[in-house]
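Colleague: Pasting in a structure now, in C-alpha cells, and then I'll have a few things to ask.
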Amino acid sequence: MPTTLFEKVWNAHLVDIWSSPEAPKKEENKNLIYIDLHLIHEVTSPQAFDGLRMNKRKVRRPDLTFATMDHNVPTKDRDKPIKDPISAKQMEYLKRNCDEFGIPCFDLKSYNQGVVHVIGPELGLTLPGKTVVCGDSHTSTHGAFGCLAFGIGTSEVEHVLATQCLVQAKPKTLRVNFKGALQPGVYAKDMVLALIGKIGTAGATGFVIEYAGEAVEALSMEGRMTICNMSIEAGARAGMIAPDEKTFAYIEGKEHTPKGADWDKAVEYWRTLKTDAGAKFDAEIEIDCAKLSPQVTWGTSPGMVTNITANVPHLKDAKDNIERIGFERALEYMDMDEGKKIEDIYLDKIFIGSCTNARIEDLREAAKMIKNRKVASNIKLAMVVPGSHRVKDQAEKEGLHKIFLSAGFEWREPGCSMCLAMNDDVLEPGERCASTSNRNFEGRQGKGGRTYLVSPAMAALAAVHGHFVDARTEV
C-alpha cells in the first residue's frame, strides 16, 4: 500500500500500539515510538533531571542525547559574569546534570555551542529518517532533512531520558504543495508566513505537514529548515521535507554522519524516504509561489500577516466577531492604525538571528542588502546573531561581519538572543523591531515590545531605510 514520508518514518519507529479495549477515549490512538536523537538545553531540562534522581533512574541512551546552552546565553561580554542569576543557575545546572549523567554538553567554552536547531544539522546529528525531540517547540526545524522532529514538554523530556521512547498520538497528514518559482526578493520565510496567513495559526492542528512542490525542491537546506521551523506556528505537530541530493550533500562528511560503506548504505535507505505515488493525505493545500510577495506580520501572531505592498487590515475586514476582537486587541497592543501602509511602519530595532534565520545563507542575503550602506538614523540598535560558532566563522571568512559592522550593525556571539526575552537582548516597552525570528506575541521580545516577522533581506533593508520596503525592488 502506498505510504507517505511521515508514515514510513513513524512505522519504522513504532514500538507498540495501545490496544486495550478498556482504554479510555482520550487514550485512543496512542503509540509508543522510539526516539533516535534527544536534544536538550538549559531551560526545559532541570526538572527532568530532578525527576530522574527522585526515581533513581539513569539516562537510557546518553550516546543519543546532546545538550547545548542557547536560550539564556549572553551574546556579548562573555568574559564577564552573567547578570541574571536565574540564567546563570540554569546554565550551571545543565552542565552539572550532563556531567553527572554522562551527556555531552556544549557550554560557553565549547566551539559546538550554538542555537540547538542550528548545531544539530551542522554536526550531522540530524539525519534523514530519524525521530528527533527536544524540549523546544521549534524542533520541527529538523524535519527539513526528512526527520520526524517535534517539541516536547518537561515531563516528556524526563520520559525520553529514562526510556528513549515516547507515547504519542499518531497525527494526521497534510501536504502543502508550493508550486511555481519564487520571484527574486521573495524567500522561504515568505513562503511559510504566507501559508500561516492562509490557514491560520490553528490550521494545521493535529497534522504533520509534508512540504512539496517545485519551490521547495529549489530551496537550499537553509531555506527548507526555515519553512519546517515555523510549522508549529501553523499549529502542526511537525513539518517534513523528503531528503534528496541537496540533503545528502549538506550532511556528507559532518562529524556524526556515517562514513565509508556505512554512508553508502545510509544513502541507499534515505532515498526510499519519500511519499509513494498514490499515497493518500488527510488534507492538501496548494500555494502558487509565483504570486507571492515579501511578507510582514502586523499584529501579535504569525497569522496576522500581509504583503509588503498591502495595508494593515480594517476591523471590518475580519471574517467573524472572534477575529475582529483579535484584530482590535492586536492593533491596540501594536499601537497601529487600521489601514496603515506596511511600508509606512517605522522601526526602532533590527534583529537578524534565531533558529529560523541565523544560518550562513541568511547572513549572506542580509549582507547583500546593506553593502556600502548605513543603518538609518532612527534605528537605535541593529544586531546580527549567528546561530553557531561555525556560522560565525564562515561569515567572518567571507567578510560578512565587516559589511555588517561598517553599516552600523552589532556583530554578536551565538545564542537565541532577541528571539525571546530570556537574556540581555530585549526590547523596551513600545519599541518596534523587524525580527527574523518566529514568534510575535505580546511581550515575546520584551515587555511591551512590538515584533514584526520578516525575512533576513527584509530586516536588513528595514535597517538601512528605517522602515519596511519591498525587497523585490532592491535585489
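The values are calculated or read from the model by the stated rules, or taken from the named source; none is laboratory data. Keep in mind the model is a prediction, meaning the values are calculated, not measured. Because the Cβ atoms are built from the backbone with ideal geometry, glycine has one as well, and the counts that use them run over all protein chains shown. SASA here: full protein model, heavy atoms, side chains in, ligands and nucleic acids out. Shrake-Rupley method; radii C 1.70, N 1.55, O 1.52, S 1.80 Å.
Colleague: Please identify the pairs in which a residue from segment 437-457 that is in contact (Cβ under 8 Å) with a residue 60 or more places away in the chain and assigned to a loop (DSSP other than H, G, I, E, B) has its Cβ atom under 9 Å from the Cβ atom of a residue that is open to solvent by less than 10 Å² (accessible area, probe 1.4 Å) and among the aromatic types (Phe, Trp, Tyr), counting only partners at least 6 apart or on another chain.
Modeller: These pairs meet every condition: Ser437/Phe351; Asn440/Tyr452; Gln445/Phe351; Val454/Phe468.
Colleague: Exactly one condition in (1) closer than 23 Å to Gly353 by Cα; (2) assigned to a helix (DSSP H, G or I); (3) open to solvent by less than 30 Å² (accessible area, probe 1.4 Å) is false for Gly197; which is it?
Modeller: Going through (1) closer than 23 Å to Gly353 by Cα; (2) assigned to a helix (DSSP H, G or I); (3) open to solvent by less than 30 Å² (accessible area, probe 1.4 Å) one by one, Gly197 breaks only (3).
Colleague: Just checking, which of Ile40, Ile17 is among the aliphatic types (A, V, I, L, M) and touching a residue at least 40 places away in the same chain (Cβ under 8 Å)?
Modeller: Being among the aliphatic types (A, V, I, L, M) and touching a residue at least 40 places away in the same chain (Cβ under 8 Å) holds for just one of Ile40, Ile17, which is Ile40.
Colleague: Considering only residues that are surrounded by 15 or more Cβ atoms within 10 Å (Cβ to Cβ) and hydrophobic (A, V, I, L, M, F, W, C), look in segment 311-325 and name the one that is farthest from the chain's Cα centre (by Cα).
Modeller: Filtering segment 311-325 for residues that are surrounded by 15 or more Cβ atoms within 10 Å (Cβ to Cβ) and hydrophobic (A, V, I, L, M, F, W, C), the one farthest from the chain's Cα centre (by Cα) comes out as Ala318.
Colleague: Which residue pairs have Cβ atoms under 6 Å apart, sit 6 or more places apart or on different chains, and have a first residue in segment 335-361 that is at pLDDT 95 or above and a second that is of a type in the set (Phe, Trp, Tyr) and open to solvent by less than 10 Å² (accessible area, probe 1.4 Å)?
Modeller: Short answer, once both residue conditions are applied: Ile342/Phe468; Glu343/Phe468; Ile345/Phe468.
Colleague: Looking only at segment 366-376, how many residues end up being within 10 Å of Leu400 (Cα to Cα) and not hydrophobic (A, V, I, L, M, F, W, C)?
Modeller: Residues that pass the stated criteria total 2.
Colleague: Answer yes or no: is there a residue in segment 398-412 that is within 23 Å of Ile227 (Cα to Cα) and in a loop (DSSP other than H, G, I, E, B).
Modeller: No, segment 398-412 has no match at all.
Colleague: Scan segment 252-261 and tell me whether some residue there is open to solvent by less than 10 Å² (accessible area, probe 1.4 Å) and among the aliphatic types (A, V, I, L, M).
Modeller: No, the conditions are met nowhere in segment 252-261.
Colleague: Please go through (1) in a loop (DSSP other than H, G, I, E, B); (2) in contact (Cβ under 8 Å) with a residue 40 or more places away in the chain; (3) small (Gly, Ala, Ser) for Ala202 and return the number of the only condition it doesn't satisfy.
Modeller: Going through the list (1) in a loop (DSSP other than H, G, I, E, B); (2) in contact (Cβ under 8 Å) with a residue 40 or more places away in the chain; (3) small (Gly, Ala, Ser), Ala202 breaks only (2).
Colleague: Would you please list the contacts, defined by Cβ atoms under 7 Å and residues six or more apart or on different chains, that run from a residue in segment 409-420 that is open to solvent by 10 Å² or more (accessible area, probe 1.4 Å) to a residue that is not aliphatic (A, V, I, L, M) and not in a loop (DSSP other than H, G, I, E, B)?
Modeller: Trp411/His401; Trp411/Phe404
Colleague: Same structure again: Select from segment 74-109 the residues that are under 23 Å from Lys58 (Cβ atoms), assigned to a loop (DSSP other than H, G, I, E, B) and not aliphatic (A, V, I, L, M) and list them in ascending order.
Modeller: Gly102, Pro104, Asp107
Colleague: Same structure, new question: State whether one or more residues within segment 166-173 are within 19 Å of the chain's Cα centre (by Cα) and in contact (Cβ under 8 Å) with a residue 40 or more places away in the chain.
Modeller: Within segment 166-173, not a single residue is within 19 Å of the chain's Cα centre (by Cα) and in contact (Cβ under 8 Å) with a residue 40 or more places away in the chain.
Colleague: Which residue is nearest to His117 (Cα to Cα), if the candidates are limited to segment 32-46 and must be open to solvent by less than 10 Å² (accessible area, probe 1.4 Å) and not in a loop (DSSP other than H, G, I, E, B)?
Modeller: Top of the filtered list is Leu39.
Colleague: (1) on the phi > 0 side of the Ramachandran plot; (2) touching a helix residue (DSSP H, G or I) at 6+ places or on another chain (Cβ under 7 Å): which one isn't true of Gly448, the others all being true?
Modeller: Every condition holds for Gly448 apart from (2).
Colleague: All but one of (1) among the acidic types (Asp, Glu); (2) within 30 Å of Ala242 (Cβ to Cβ); (3) surrounded by fewer than 18 Cβ atoms within 10 Å (Cβ to Cβ) hold for Glu361; state the number of the condition that does not hold.
Modeller: Unmet condition: (3).
Colleague: Suppose we filter Gly180, Gly197, Gly223 for residues that are of a type outside the set (Phe, Trp, Tyr) and out of contact with any helix residue (DSSP H, G or I) (no Cβ under 9 Å at 6 or more places or on another chain); which single one remains?
Modeller: Gly197
Colleague: Also, I was wondering about something else. Testing Asn112 on (1) open to solvent by 10 Å² or more (accessible area, probe 1.4 Å); (2) among the polar types (S, T, N, Q); (3) assigned to a loop (DSSP other than H, G, I, E, B); (4) in contact with an Asp or Glu (Cβ under 7 Å, 6 or more places away or on another chain), one condition comes back false. Which one is that?
Modeller: Result: Asn112 fails condition (4) only.
Colleague: Among all residue pairs at least 6 apart or on different chains, which show Cβ distances below 7 Å where the first residue, located in segment 63-85, is free of Cβ contacts under 8 Å to residues at least 12 places away in the same chain and the second is of a type in the set (Gly, Ala, Ser) and surrounded by 11 or more Cβ atoms within 10 Å (Cβ to Cβ)?
Modeller: Within 7 Å, the pairs are Ile82/Ala88.
Colleague: To continue, here is another question. Go over the candidates Cys134, Cys165, Cys147 one by one and state the one that is modelled with pLDDT of 95 or more and either among the hydroxyl-bearing types (Ser, Thr, Tyr) or surrounded by fewer than 22 Cβ atoms within 10 Å (Cβ to Cβ) (or both).
Modeller: Only one candidate qualifies: Cys165.
Colleague: Among the residues of segment 210-221, count how many are surrounded by fewer than 24 Cβ atoms within 10 Å (Cβ to Cβ) and either closer than 21 Å to Pro171 by Cα or not hydrophobic (A, V, I, L, M, F, W, C) (or both).
Modeller: Adding up the residues that qualify gives 5.
Colleague: Please return the ranges of helices (runs of 4 or more DSSP H) entirely within segment 212-304 where 1 or more residues are in contact (Cβ under 8 Å) with a residue 12 or more places away in the chain and under 17 Å from the mean Cα position of the chain (by Cα).
Modeller: Correct list: 214-218, 221-229.
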